[in-house]
């Protein structure tokens with residue numbers, strides 16, 4: 001028997017960022033509320049016992065990123081196991097949004113991560129992925145039955161303020177020093193972190209190839225990744241800085257601004273894991289195609305939904321990939337945005353209760 005018997009059902013999220021805010025904003029009806037958990041995962045059961053009438057009907061767990069401390073991760077794993085057991089005892093349903101299907105972004109102790117993921121696999125009544133193409137991959141990597149999987153997609157960004165808040169973007173115009181108007185510009189806008197390195201490496205190869213083959217092309221790299229590369233891979237940073245057709249801008253510049261000043265023709269996405277980058281939706285919302293590295297999950301999305309083109313790791317097909325970008329079909333873009341929406345994601349999450 002559920003502990004919250006009111007007409008309005010509550011779903012608590014332990015990570016309440018811009019994505020959850022969008023799902024909440026597009027949630028139809030008033031019979032379900034998406035709320036930020038008032039306590040951490042391990043402290044919530046104690047809070048529930050003191051606030052019985054405010055208890056959730058379900059909780060949603062999202063990221064399982066680890067800290068670089070074995071002692072802390074042992075404690076973190078035990079906390080998760082305790083919380084999952086308590087939720088089951090209290091008849092609080094558990095949902096898991098598996099943003100990164102094959103692995104979490106920060107995994108330092110694989111055995112402890114395996115314990116966490118296995119516990120969630122058996123405890124969660126619903127496991128969510130963010131695109132239909134990830135369903136079979138979830139079955140492969142996590143090993144669950146298909147009827148336990150739901151799809152909660154992202155959607156279009158209709159509000160510039162919402163985008164800027166989520167990505168922590170500056171609204172000022174950047175000082176462009178090396179790029180020139182009239183050349184096709186590929187933009188790579190990402191936050192910091194180790195999985196962003198590959199995108200910068202690919203752009204360096206694209207720069208070499210474009211100069212060698214005299215392809216009129218230039219690149220702009222912005223976001224937290226620039227400072228991350230500078231601090232963690234100085235050699236790569238120096239090589240990028242030395243290229244005449246690559247501009248590096250520290251800080252988070254909005255794609256809307258780059259579009260306005262005509263320095264944004266396509267987005268470059270190069271994630272090496274099985275996850276859906278929210279920036280892909282941002283670019284498609286602005287009617288800009290995607291170039292992805294062949295063999296990545298993003299390239300599967302690009303091919304399946306006809307969102308742009310794919311380039312080989314050695315950039316040997318760069319010229320052909322650029323030509324394909326010019327054939328970007330806006331009708332396919334509309335079909336993608338209609339099929340994948342915040343409302344669809346919200347409705348899937350709502351089924352938890």
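Table for the structure above
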read-out	value
In the range 122-174, residue modelled with the lowest pLDDT [restricted to those that are within 17 Å of the chain's Cα centre (by Cα), part of a loop (DSSP other than H, G, I, E, B) and surrounded by fewer than 19 Cβ atoms within 10 Å (Cβ to Cβ)]	168
The range 63-80 residues that are at positive phi, paired with ones that are loosely packed, with under 13 Cβ neighbours inside 10 Å and assigned to a helix (DSSP H, G or I) (beta carbon under 9 Å, 6 or more apart)	none
Candidates 296, 272, filtered to the one that is farther than 16 Å from residue 187 by Cα and touching a residue at least 60 places away in the same chain (Cβ under 8 Å)	272
Residue in the range 304-319 that is part of a helix (DSSP H, G or I) and farther than 18 Å from residue 205 by Cα present	yes
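The values are calculated or read from the model by the stated rules, or taken from the named source; none is laboratory data. Everything numeric in this text was worked out from a predicted model, so none of it was measured. Reconstructed Cβ throughout: ideal geometry from the backbone, glycine too, with neighbour counts over all protein chains shown.
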